[in-house]
Amino acid sequence: MRILVADDDAQLQRALRITLASRGYDVVAAHDGAQAIELAASSHPDLVLLDLGMPQVDGMDVIRAVRAWSNVPIVVLSGRTDSAEKVEALDAGADDYVTKPFAMDELLARIRARARAVEGGDADAATVAIGDLVVDLAAKTIRSSARDGEPSVSVHLTPTEWRLLELFLKNPGKLLTRQMLLGEVWGPYHANDAGYLRLYVAQLRRKLEPTPSEPRHFMTAPGMGYRFEP
């Protein structure tokens with residue numbers, strides 16, 4: 001597994017390279033945002049560890065640039081602790097957010113969780129209907145059904161929204177607890193971050209439900225979690 005480490009802190013970058021290499025990972029390193037984008041395109045990493053406060057190109061812009069053509073998992077490593085910045089990074093397409101300083105064991109666990117998610121990403125590929133929308137899990141596309149001569153319309157989801165949607169679609173009618181969803185999508189260290197989950201369920205409803213304020217498919221089980229009703 002190849003990991004791109006993009007951080008301008010030379011000491012932290014060296015520690016990450018040594019630790020990751022000792023665990024058998026192939027590591028490439030970028031010292032600024034422009035180099036991070038270049039290496040993300042040329043070295044084809046399986047995962048990106050990205051600092052937000054990068055010179056030349058800010059980490060948030062790196063996320064947006066990479067997301068324009070790649071779904072590679074991106075784990076943000078940042079000293080920025082404001083919740084609004086975390087949400088902005090996740091909305092831009094980051095898969096996880098680790099606040100500095102962090103324990104190396106915690107980071108390694110999150111990397112393993114991202115790797116498992118990627119390895120299982122092609123399982124149970126299928127086409128699923130949600131009302132007038134057709135979801136192709138293999139191609140990762142969502143389009144409305146063409147009717148009355150009107151062309152179909154595509155719906156764009158972020159990588160995090162896709163992972164959450166896939167869990168729902170692969171478990172129709174089943175109660176999925178908040179802890180289970182948070183653990184599968186954001187990793188075990190986010191088991192209590194219910195705010196992330198509420199935000200992304202609301203976004204799925206906004207994009208996929210006919211009437212988001214009166215959901216028919218992504219149902220809340222009060223005090224427990226959520227259930228997808230086809």
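Here's the yes/no breakdown for (1) under 21 Å from R17 (Cβ atoms); (2) not in a helix (DSSP H, G or I):
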site: V76; (1), (2): yes, yes
site: T81; (1), (2): no, yes
site: A84; (1), (2): no, no
site: V87; (1), (2): no, no
site: L90; (1), (2): no, no
site: P101; (1), (2): yes, yes
site: E106; (1), (2): yes, no
site: R112; (1), (2): yes, no
Just one listed residue, out of V155, V87, V75, is modelled with pLDDT of 80 or more and either of a type in the set (K, R) or buried (at least 18 other Cβ atoms within 10 Å of the Cβ) (or both), and it is V75
Kindly evaluate P212 against the criterion of being over 16 Å from the mean Cα position of the chain (by Cα) and modelled with pLDDT of 85 or more. yes
Flagged in the range 53-64 as crowded, with 17+ Cβ neighbours inside 10 Å and under 17 Å from A10 (Cβ atoms), in numbering order, are M54, G59
*Looking only at the range 169-192, decide whether some residue is at pLDDT 85 or above, closer than 16 Å to V87 by Cα and either basic (K, R) or part of a loop (DSSP other than H, G, I, E, B) (or both).*
no
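Matching residues to (1) surrounded by 18 or more Cβ atoms within 10 Å (Cβ to Cβ); (2) under 16 Å from the mean Cα position of the chain (by Cα); (3) more than 28 Å from H217 (Cβ to Cβ); (4) not assigned by TED's automatic domain parsing to the domain that holds P188:
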{"residue": "A21", "(1), (2), (3), (4)": "no, no, yes, yes"}
{"residue": "E38", "(1), (2), (3), (4)": "no, no, yes, yes"}
{"residue": "A41", "(1), (2), (3), (4)": "no, no, yes, yes"}
{"residue": "H44", "(1), (2), (3), (4)": "no, no, yes, yes"}
{"residue": "L50", "(1), (2), (3), (4)": "yes, yes, yes, yes"}
{"residue": "G79", "(1), (2), (3), (4)": "no, no, yes, yes"}
{"residue": "A92", "(1), (2), (3), (4)": "yes, yes, no, yes"}
{"residue": "M104", "(1), (2), (3), (4)": "no, no, yes, yes"}
{"residue": "A113", "(1), (2), (3), (4)": "yes, yes, no, yes"}
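The values are calculated or read from the model by the stated rules, or taken from the named source; none is laboratory data. If you're wondering where the values come from, they're calculated on a predicted model, not measured in any experiment. Every residue, glycine as well, gets a Cβ built from its backbone with ideal geometry; the counts of neighbours run over all protein chains shown.
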